[in-house]
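J.: One structure follows; several queries about it will come next.
Only the coordinates and a few stated rules stand behind these numbers; no lab work does. Only a predicted model underlies this, so the values are computations on that prediction, with no experimental measurement involved. No Cβ is skipped: glycine too gets one built from the backbone with ideal geometry, and neighbour counts run over all protein chains shown.
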Amino acid sequence: MDNPYVFITRKVPEDTIAPIREVADVKMWDYEDTPVPREVLLKEAETATAIYSILSDKIDRELLERAKNLKVVGNLAVGYDNVDVEAATEHGVIVCNTPDVLTDTTADLAFALLMAAARRIPEAQQYIKDGKWDNWSPLLLAGQDVHHKTLGIVGMGRIGETVAKRATGFEMNILYHNRSRNEKAEKEFGAAYVSFDELLDTADYVLNLTPLTPETEGMFNRDVFSKMNKNAIFLNVGRGGAVVEEDLVAAIENGEIAGAGLDVFEKEPIPEDHPLMKFPNVVCLPHIGSASVETRKAMCSLTSRNIRAVLRGEKPEAAVNWNK
Ligand code: DGY
């Protein structure tokens, strides 16, 4: 019998795919480190036993219908909104992701973004680079305090808990809103559960960490921004689709909120002339939440182990539709 065939949609470190090479033939799309074109992905899907995907690959019904041999999709992310899980389940395809290994790193980035936006760090660096720093003045580039302020976390999963843990070191008051109560966050980090409206009304920093689902899509809209404080900073480290970006632009333009820190966008990548890039009080990052070398390698290794497990008929470490 032929070996299983695994198509990897992006260049990943060779040492991390050793578990897959043990059990399968592998092809990696490593053409100049560019995303795999849709036609190539569809073609590969026709013969692949496994697809190792990244978050910009659409693993949708069209693809799954063509993928007659497909057993597993190993998505290199904790989020899996790029995969039609319902269609995958109907086609008997297991969908795997990479939770846990990226929790601390993503929480670090969320906190870094909060600090960068609050203390105007990118703007301050640009100020020197532009040759503008010619004297010290009392309110030069003065930002907002982080310590003792109120952080409102929307989406209190593992990453939310870990941000809350970091916030305790800054003696922040921590509020959260989530579909269900999170006892660990309440007991260990003193986070208080509040309604969405109360969080918006009270928080100095509103941090979105929700996954992208039909319920969260576009949830941060004009109405929501108008309920936030004028001195509040909005942060998004979840998915860009949770935000109506033109409403965020209007809220910043009209001074309804004080600024934003964004690691994710409705449509990625964004160009340098994206409307959110024009504001000095908006910090934009290119979706680097989990991007430390250690964590990205750990995510790659976990994806490989997930795929190998399914190909061997074993339970993977992380699957979103495992039901055997
Ligand atoms: C994820 O894992 O979902 C992240 O957004 C990738 O960093």
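J.: Report, largest value first, the span of the C-alpha coordinates of the chain along each principal axis, in whole Å.
T.: Principal extents (Cα only, largest first): 74, 47, 32 Å.
J.: When averaged across all projection directions, what area in nm² does the alpha-carbon convex hull of region 103-284 cover? Before the final figure, lay out each step's value.
T.: On the way: hull surface 42.3 nm².
Taking the Cα atoms of region 103-284, their convex hull projects to 10.6 nm² on average.
J.: Which of the lysines could a cross-linker bridge to Lys129, judged by Cα under 18 Å and excluding same-chain residues fewer than eight apart?
T.: Lys278
J.: Sticking with this one: Sorted by mean Cβ packing within 10 Å, highest first, what order do the peptides 141-151, 107-117, 172-182 take?
T.: So the order, starting with the most tightly packed, is 107-117, 172-182, 141-151.
J.: Can you compute the charge dipole magnitude of region 103-284 about its Cα centre, using +1 on each Lys and Arg Cβ and -1 on each Asp and Glu Cβ, nothing else charged? Give it in debye, rounded to the nearest 20. Don't skip to the end; give the middle numbers.
T.: Values: 18 positive and 28 negative charges, 87 e Å.
About 420 debye.
J.: May I ask for the net charge around Met28, where only other residues with Cβ less than 9 Å from the Cβ of Met28 are counted and Lys, Arg are +1 while Asp, Glu are -1? Provide the component values of the computation, followed by the final result.
T.: On the way: positive: Arg10, Lys11, Lys27; negative: Glu14, Asp30.
Local charge sum for Met28: +1.
J.: Right, next: Which whole-number percentage describes the relative contact order of the chain, with Cα contacts under 8 Å and a sequence gap of 6 or more?
T.: 19 percent
J.: Counting only DSSP beta bridges with both residues in the chain, what percent are antiparallel, rounded to the nearest 5?
T.: Here the share of antiparallel DSSP bridges comes out near 5 percent.
J.: Assign one of three labels to region 69-190, namely rounded, prolate or oblate, based on the Cα gyration tensor with a ≥ b ≥ c the square roots of its eigenvalues; rounded applies when a/c is under 1.5, prolate when it is not and a/b is larger than b/c, and oblate otherwise. Intermediate values should be presented prior to the final figure.
T.: On the way: a/c = 3.83, a/b = 1.76, b/c = 2.17.
Oblate, since a/c reaches 1.5 and b/c is not below a/b.
J.: Is any helix in the chain, taking whole DSSP H runs, at least 20 angstrom long along its axis by alpha carbon and on average at least 0.5 on the Kyte-Doolittle scale, and which ones?
T.: 103-118
J.: Considering the options Ile257, Pro280, Ser292, tell which one lies farthest towards the positive end of the dipole of the chain, charges being +1 on Lys and Arg and -1 on Asp and Glu at the Cβ, about the Cα centre.
T.: Ser292
J.: Under 13 Å Cα to Cα from Lys165, which aspartates and glutamates show up? Leave out anything in the same chain fewer than 8 places away.
T.: Result set, ordered by chain and number: Asp104, Asp108, Glu186, Glu188.
J.: Compute the signed sum of charges (Lys and Arg +1, Asp and Glu -1) over the other residues within less than 12 Å, Cβ to Cβ, of Ala164.
T.: Net charge around Ala164: +2.
J.: Going down the list Lys58/Lys315; Lys11/Lys68; Lys71/Lys324; Lys184/Lys297; Lys187/Lys297, which pairs span over 21 Å between their C-alpha atoms?
T.: Details: Lys58/Lys315 24 Å; Lys11/Lys68 25 Å; Lys71/Lys324 14 Å; Lys184/Lys297 28 Å; Lys187/Lys297 32 Å.
From the list (Lys58/Lys315; Lys11/Lys68; Lys71/Lys324; Lys184/Lys297; Lys187/Lys297), the Cα-Cα distance tops 21 Å for Lys58/Lys315; Lys11/Lys68; Lys184/Lys297; Lys187/Lys297.
J.: If packing is taken as the mean number of other Cβ atoms within 10 Å per residue, what is the order of 74-87, 187-200, highest first?
T.: 74-87, 187-200
J.: Of Ala319, Thr150, Ala77, which is farthest along the charge dipole of the chain in the positive direction, counting Lys and Arg as +1 and Asp and Glu as -1 at C-beta?
T.: Working it through, the farthest residue towards the positive pole turns out to be Ala319.
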